[in-house]
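The values are calculated or read from the model by the stated rules, or taken from the named source; none is laboratory data. Remember, predicted model here, so these are calculated numbers, not experimental data. All Cβ positions, even for glycine, are placed from backbone atoms using ideal geometry, and neighbour counts span all protein chains on display.
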Amino acid sequence: MLIVMHHRATPDQIRTVVDTIDEMGYRAKPIPGYQRIAIGLVGNDGRVEEARLVGLPGVREVIKVSKPYKQVSREWREENTLVRLENGTVLGGPEVVLMAGPCAVESRGQILEIADRVRHLGASVLRGGAFKPRTSPYSFQGLGARGLELLAEARDRTGLAVVTEAVDAESVAVVAEHADMIQIGARNMQNYPLLKRAGRSGRPVLLKRGMSATITELLLAAEYLLSEGNPDVVLCERGVRSFDPATRNVFDLTAIPLAKSLTHLPVIADPSHATGMRDKVVPMARAAVAAGADGVLVEVHPNPPEALSDGVQSLYPEQFRELVAQCGPIARAIGRSLASPPVPLVAEHAGV
Ligand code: PEP
Ligand code: MN
């Protein structure tokens, strides 16, 4: 439930509303915004006596949020949420953010080389898995804590922000210590202990859509993160499973404008996992930008045929160059632009 105040409501009137909500046994959450002063009522079990709030001085209206998800909805917050990463990258604003890197961190040489290349080609965020959620227990599971250290080294050299996956609640702390953003993968979208822990991590979270998750389920998973106090959540459309094995998944392009109309959170797209085919990634990255994605996440590897995971869908660096060149004009056609890479923290081309 939302309590919308009159424009000229006094601080005392706002405080009275907050105190009343507390007395009723719920949590009051002021909602920042330029357009209106509103206070959210959290913990509503559907039995709230709204009459107690409607009559308070300064209250303009009391709105019942109609959706099952509350804090992530556009009803709750009308303006886009801007998610800021430590290197200055902003998601959800006019700029389209490029996130690139290998599926998995494989070695120091590999991650430092690809970080340097994708930064020079236009990425602002380095992606790379240290803990990998593999379908088969016999597949490469990632370098674990060592992979996180290598990602942090790559960040220090290039100025790129780092996003990497936490596969369980236990690994959130160590991922939060090394990364700028915590990824929650498709296989874990409904891992509630993990969502709750990531909601208390103090780091922005990149939440990927589950393999067969509806948009409502994705938004409810995001609600777990916000309800634990983390407002910095970015959603990612990465394709859903279908009957047709011709592509790895079916890229649900409509999910991008749809999610953006239902939520104030940034929405990005991952055409690598959505297609599973290297030569389809660039066309679908173009489509994602055209559909209004706030960012594009792609797998890029210095030598895809040798990759230890997802090589068939990983771009060669030259293809990433093409992606950047083609997505720029598309972004401009819809009044946006590609985010510029950060200024590196360490001398360019530091020896690898
Ligand atoms: C990944 O980003 O490498 C990954 C495992 O993605 P998803 O969770 O979307 O399958
Ligand atoms: Mn992958």
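Condition first: surrounded by 16 or more Cβ atoms within 10 Å (Cβ to Cβ) and either within 16 Å of ligand 2 (Cβ to nearest atom) or under 30 Å from Glu177 (Cβ atoms) (or both). Can you find one or more residues in segment 44-62 that meet it? Checking segment 44-62: not a single residue is surrounded by 16 or more Cβ atoms within 10 Å (Cβ to Cβ) and either within 16 Å of ligand 2 (Cβ to nearest atom) or under 30 Å from Glu177 (Cβ atoms) (or both).
Residues in segment 270-283 that are touching a Leu at 6+ places or on another chain (Cβ under 8 Å) and not polar (S, T, N, Q) were compared, and the one that is nearest to ligand 1 (Cβ to nearest atom) is Asp270.
Looking only at residues of segment 326-352 that are modelled with pLDDT under 95 and within 17 Å of Val300 (Cβ to Cβ), we find that the one that is surrounded by the most Cβ atoms within 10 Å (Cβ to Cβ) is Pro341. Here's a check for you: in segment 236-266, which residue that is in a loop (DSSP other than H, G, I, E, B) and of a type in the set (Asp, Glu) is modelled with the highest pLDDT? Result: Asp252.
Among the residues of segment 44-72, write down those that are under 25 Å from Asn230 (Cα atoms) and touching a residue at least 40 places away in the same chain (Cβ under 8 Å). Asn44, Val48, Val62, Ile63, Lys64, Val65, Lys67, Pro68, Tyr69, Lys70, Gln71, Val72 - these are the residues of segment 44-72 that are under 25 Å from Asn230 (Cα atoms) and touching a residue at least 40 places away in the same chain (Cβ under 8 Å). One residue stands out among those in segment 305-325 that are within 12 Å of ligand 2 (Cβ to nearest atom) and part of a helix (DSSP H, G or I): the one that is surrounded by the fewest Cβ atoms within 10 Å (Cβ to Cβ), which is Val312.
Residue check: Val18 meets all listed conditions (1) touching a residue at least 24 places away in the same chain (Cβ under 8 Å); (2) touching a strand residue (DSSP E or B) at 6+ places or on another chain (Cβ under 9 Å); (3) under 19 Å from Leu226 (Cβ atoms); (4) not in a strand (DSSP E or B) but one, namely (1). Can you tell me which residue within segment 183-223, out of those that are small (Gly, Ala, Ser) and free of Cβ contacts under 8 Å to residues at least 40 places away in the same chain, is farthest from Val234 (Cα to Cα)? Among those that are small (Gly, Ala, Ser) and free of Cβ contacts under 8 Å to residues at least 40 places away in the same chain, it is Ser212. Of all residues in segment 113-141, those being away from ligand 1 (no atom under 16 Å from the Cβ) and in contact (Cβ under 8 Å) with a residue 60 or more places away in the chain number 8. Taken over segment 88-107, the criterion of being in contact (Cβ under 8 Å) with a residue 60 or more places away in the chain and more than 16 Å from Leu338 (Cα to Cα) is satisfied by Gly101, Pro102, Cys103, Ala104, Glu106.
Scanning segment 81-112 for residues that are crowded, with 18+ Cβ neighbours inside 10 Å, more than 16 Å from ligand 1 (Cβ to nearest atom) and more than 22 Å from the chain's Cα centre (by Cα) gives a single hit, Leu112. Just one of the numbered conditions (1) crowded, with 22+ Cβ neighbours inside 10 Å; (2) under 16 Å from the mean Cα position of the chain (by Cα); (3) within 15 Å of ligand 1 (Cβ to nearest atom) is not true of Leu225: (3).
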